[in-house]
1. Which log10 I(q)/I(0) values, to two decimals, does the chain give at q = 0.11, 0.13, 0.15, 0.16 Å⁻¹ under the Debye formula with one point per Cα?
2. Over the range 52-161, what is the percentage of antiparallel beta bridges among all DSSP beta bridges, to the nearest 5?
3. Looking only at V45, V229, V104, which one moves most when the chain is put into a Gaussian network model with springs between Cα atoms under 10 Å?
4. If I take every Cα pair under 8 Å that is 6 or more residues apart in the range 1-154, average their sequence separation and divide by the length, what percent do I get for the relative contact order?
5. Taking θ = phi - 60°, what integer Hz values does the Karplus form 6.51 cos²θ - 1.76 cosθ + 1.60 yield along the range 191-198, in sequence order, with x for Gly and Pro?
6. So what's the back-of-envelope 222 nm ellipticity for the chain, counting only DSSP H runs of four-plus at -39500 (n - 2.57) apiece and dividing by all residues, rounded to 500?
7. Show the residues, 5+ positions off or on another chain, whose built amide H is closer than 5 Å to the amide H of C50.
8. With both partners inside the chain, how many of the DSSP beta bridges are antiparallel, as a percent to the nearest 5?
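Derivation of every value follows stated rules applied to the coordinates shown; laboratory data play no part. The structure displayed is predicted, hence computed values, not measured ones. Using ideal geometry, Cβ is built from the backbone for each residue, glycine included, and neighbour counts are taken over all protein chains shown.
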Amino acid sequence: MDIRPYGDTRDDGIIQLSFTLPLVYSVKAPDVGKQYVEKLGFHDVGVAECKAIDPSFTFFVAYGRTDTGIDPDQVKGDYLEVEEMDYYAINALIKDKLGRKLTVVGAAIESDAHTVGIDAIMNMKGFAGNYGLERYPEMNALNMGSQIPCEQLLKTALERHADAILVSQIVTQKNIHVQHLTKLIELLEAEGVRERFVLVVGGPRINNAFAKELGYDAGFGPRTTPLEVASFLAQEVVRRGAQS
Ligand code: B12
């Protein structure tokens, strides 16, 4: 069954939009914004905000009604549904079911210099009110930082007998992330060690379906929290341990 946006009453189809036009502000500007939103197919359009943000740009907040709906049941994809646990339950699961510490190494690989994403997940201080993986007493977590060649990441993962490798890829210009992520998979396969690791990639333009296509076990996108990642790792490593 189709659903439509909720603005004032159920299914009224009202959406709020914000956008900037390369337009010098004038008394005509609100009408330019309104007619633009109408051209997008909205009706009953109102312009709530219209302001110069620069001598040659105008910013708008508008609302309008759409007749378009969507049936959520028709939306299919390869989504990762992590059963989120709390910090104490994750540590207890590892201790009781794995019987040893869970080892994880992480890095932003190759030319990618962005550290904040991998830090958010791994650093002791954590992110979004969650502790990072380094804080977990039942985890041995090593954050190698950024611009780490795939060879060095793999060498460290092997030396530390890691259960999981975490890769961050932020820059996606000209699909550079695909090249980097494929390089790591090819290296793991060439060394015959792909199956030893739970292989996870994250970044603002990563999703689970894309990660799976490239041969990774899971992909995490924007706004990922350390708890989601820690829950996934604990459950997946324990599950694999039970199978072997
Ligand atoms: C800070 C920053 C930098 C800093 C990085 C400093 C540092 N120490 O990290 C500096 C100035 C060095 C930089 C450089 C560049 N940057 Co920059 N940068 C940013 C910026 C402003 C913020 C990124 C950030 O810290 N986000 C906050 C973190 C918490 O979010 P996140 O990375 O998405 O991480 C979350 C999730 O994605 C996920 N996640 C991320 N990694 C992982 C890993 C795992 C395993 C898991 C599970 C989850 C996970 O969890 C995190 C928490 O929720 C963004 C724009 C933006 N607003 O996002 C541009 C941005 C990422 N940069 C960009 C670019 C182009 C560059 C440069 C190429 C610019 C240039 N021409 O020189 C260089 C690249 C250098 C290089 N070799 O990599 C582009 C990327 C565009 C693209 N699609 O490729 C962006 C989007 C800016 C833009 N709009 O153009 N940048």
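1. -0.73, -0.86, -0.97, -1.03
2. Numbers: 3 of 9 bridges.
Percentage antiparallel, nearest 5: 35.
3. V45
4. Rounded, it is 19 percent for the range 1-154.
5. With coefficients 6.51, -1.76 and 1.60, one gets 7, x, 10, 4, 6, 6, 10, 7 Hz.
6. Working: 7 runs with 74 residues, N = 244.
Taking each H run of at least 4 residues, the total per residue is -9000 deg cm²/dmol.
7. V61
8. On the way: 18 of 37 bridges.
Taking every DSSP beta bridge within the chain, about 50 percent pair in antiparallel fashion.
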